[in-house]
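Have a look at the structure below before the remarks.
The values are calculated or read from the model by the stated rules, or taken from the named source; none is laboratory data. In this text, all values refer to a predicted model and were calculated from it rather than measured experimentally. Glycine gets a Cβ as well: all are built from the backbone with ideal geometry, and neighbour counts include every protein chain shown. The accessibility values were calculated without ligands, DNA or RNA, using every heavy atom of the protein model including side chains. Shrake-Rupley method; radii C 1.70, N 1.55, O 1.52, S 1.80 Å.
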Amino acid sequence: MDVYTLVSLVFGLLVAFGPFLAIVAVLVGGLLVGCVIVAIVGAVRTRVAPPEETRDVDVAEFFEEQTAAAAAAAAAPAAPGGEPRA
């Protein structure tokens, strides 16, 4: 197979599938540009925004408090009329 045949084959495939390839290229290019824009905006917001305060929470203590509150709510008598208290 000589070079002319290969070039003709590639050119023919581009002509045949050109519209499909153009649509795929636009979709993939748009996705990549969107990802880059989101990454840049996120980086700028991280640098500009003041740091958020974090509070260390003991997970076991948190669930113990929640369990105690749920047990107290379950043990509370119902209001008149059968409706549970809020």
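Using θ = phi - 60° and the Karplus relation 6.51 cos²θ - 1.76 cosθ + 1.60, list the HN-Hα couplings for the stretch 52-65 in order, rounded to whole Hz, with x at every Gly or Pro.
7, 6, 10, 10, 6, 10, 6, 5, 4, 5, 4, 6, 5, 5
Could you please put T5, T67 in sequence from largest to smallest accessible area, using a 1.4 Å probe?
If we order T5, T67 from most to least accessible, we get T67, T5.
Quick one: longest stretch of the chain between exposed loop GluC sites (Glu not before Pro), exposed meaning at most 12 other C-beta atoms within 10 Å and loop per DSSP?
1-51
At 7 Å along the Cα-to-beta-carbon direction for both T46 and L21, put a label point, then send me their distance in nm to one decimal.
3.7
So what is the calculated 222 nm ellipticity per residue for the chain, using -39500 (n - 2.57) for each DSSP H run with n of 4 or more, over all residues, to the nearest 500 deg cm²/dmol?
Mean residue ellipticity, 222 nm, calculated: -26500 deg cm²/dmol.
Only Lys, Arg, Asp and Glu count, each charged at its Cβ (+1, +1, -1, -1), so figure out the dipole size of the stretch 1-64 about its Cα centre, rounded to 20 debye.
It works out to roughly 600 debye.
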